[in-house]
1. Working out 0.36 nm times the residue gap between residue 118 and residue 32, then minus their Cα-Cα distance, what length gain in nm do you get to one decimal?
2. Between helix 33-47 and the chain, what is the angle of the helix's C-alpha long axis to the longest principal axis, kept within 0 to 90° and rounded to the nearest 10?
3. When Rg is the radius of gyration of the Cα atoms in region 1-83 and Rh is its Kirkwood radius, what does Rg/Rh come to?
4. I want to check the label-to-label distance for residue 19 and residue 52. Put each point 7 Å from Cα in the C-beta direction and report it in nm to one decimal.
5. Per 0.36 nm of contour for each residue apart, how much would the distance between residue 102 and residue 41 grow if the chain were fully extended, relative to their Cα-Cα spacing?
6. Taking the 0 to 90 degree range and rounding to the nearest ten, how far is the long axis of helix 78-91 tilted relative to the main principal axis of the chain, both from C-alpha atoms?
7. Sorted from largest down, what three extents in whole angstroms do the Cα atoms of region 49-100 have along their principal axes?
8. If I model a spin label as a point 7 Å beyond the Cα along the Cα-Cβ vector, how far apart are those points for residue 73 and residue 2 in nm?
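Since every read-out is calculated from the coordinates, none of them should be taken as a lab result. Predicted, not measured: the structure shown is a model, and the values here were computed from it. All Cβ positions, glycine included, derive from the backbone under ideal geometry; neighbour counts span all protein chains shown.
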């Protein structure tokens, strides 16, 4: 894949700014790309817990940036964890993309967020 196609996968977004504190956290991830991916996933699992208060989830869902997620040490589900993962991957130089799937067969708004990484 050419750098023209990969470069957008390394850019920061409004919620995915790579701040000095994120760079500091990401400096601990070592090894090849696959090893760093697993270390990042482990960090997310150890450092962010699922917000259990449903009323709070509805207030904060999709409203925070990665810096705020780390500070609050919680997530509302796939949106937040995918956002942290894509930001950390980009911070260590692994091109990644945030993807949203929507269930068009369901009349209610439902979907899922995942991350695609290019290694």
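1. Computed gain between residue 118 and residue 32 is 29.7 nm.
2. The two axes meet at around 40 degrees.
3. 1.00
4. 2.7
5. Details: separation 61, 0.36 × 61 = 21.96 nm, distance 2.38 nm.
Stretched out fully, the residue 102 to residue 41 stretch lengthens by 19.6 nm.
6. 10
7. 36, 24, 16
8. Result: 4.7 nm between the two label points.
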